[in-house]
Amino acid sequence: MAETNLSQIMALRENSLGELKTKYEELFPAQKAPSNNKVFLWRKITYRLQELEYGGISAEAQSKIQQLIQQYDPINNKALRPDAAIEKQPKKKDLSRDKRLPIPGTVITKEYKGIKLQIKILGAGFEYNGKIYKSLTAIAKEVTGAHWNGYLFFNL
């Protein structure tokens, strides 16, 4: 990056929120500043200045990004392709399963006071030392003797 552009970008860091909003509106015509966060605006302005100097992402790179999203990103591609997100027969949501939990069959390993704990995630519950528990909290209480939030204790 040219020294003048770098110094211009670093000087923007010291600007007030109002000055950053004005600069944003200069660089992005017909758009209001999307935020009142100085760091966010500074980053958007910085990116735009570099984009103007060096050019943006090529059409080839942009199409490759979209291809990779469709191929490898099962969560976000539904937002980009809403027709793929609509299923012919809606499934009932399993309300009993917490999103923070790994898939059934996963083994959570934690070392606590020199003891290696291994908890297997089941479809409905958890297995620890050959015994089935309803919650991670119950296992944490069994191990420590004190009440713990199971998700916090096992870092989930």
Worksheet item: Are there any pairs, at least 6 apart or on different chains, whose C-beta atoms fall under 6 Å, with the first in the range 23-35 and not assigned by TED's automatic domain parsing to the domain that holds residue 47 and the second assigned to a loop (DSSP other than H, G, I, E, B) and among the basic types (Lys, Arg), and if so, which?
Response: none
Practice prompt. Report yes if residue 132 is assigned to a strand (DSSP E or B), at pLDDT 85 or above and touching a Gly at 6+ places or on another chain (Cβ under 6 Å), otherwise no.
Written response: yes
Worksheet, complete the sentence: Restricting attention to the range 135-148, the residues that are touching a strand residue (DSSP E or B) at 6+ places or on another chain (Cβ under 8 Å) and assigned to a loop (DSSP other than H, G, I, E, B) number exactly 1
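When you scan the range 120-138, how many residues do you find that are touching a Leu at 6+ places or on another chain (Cβ under 8 Å) and in contact (Cβ under 8 Å) with a residue 12 or more places away in the chain?
Of the residues in that region, 4 qualify.
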Discussion item. Return the pair list, or none, for Cβ contacts closer than 7 Å from residues in the range 44-72 that are within 28 Å of residue 32 (Cβ to Cβ) and in the same structural domain as residue 9 (by TED's automatic domain parsing) to residues that are at pLDDT 90 or above and of a type in the set (Lys, Arg), at least 6 apart or on different chains.
Written reply: 45/23
Discussion item. Tally up the residues in the range 15-32 that are of a type in the set (Gly, Ala, Ser) and more than 20 Å from residue 56 (Cβ to Cβ), please.
Written reply: 2
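The values are calculated or read from the model by the stated rules, or taken from the named source; none is laboratory data. Just so it is clear, the structure is predicted and the values come from calculations on it, not from any experiment. Note that we place each Cβ from the backbone using ideal geometry, even for glycine, and neighbour counts take in every protein chain shown.
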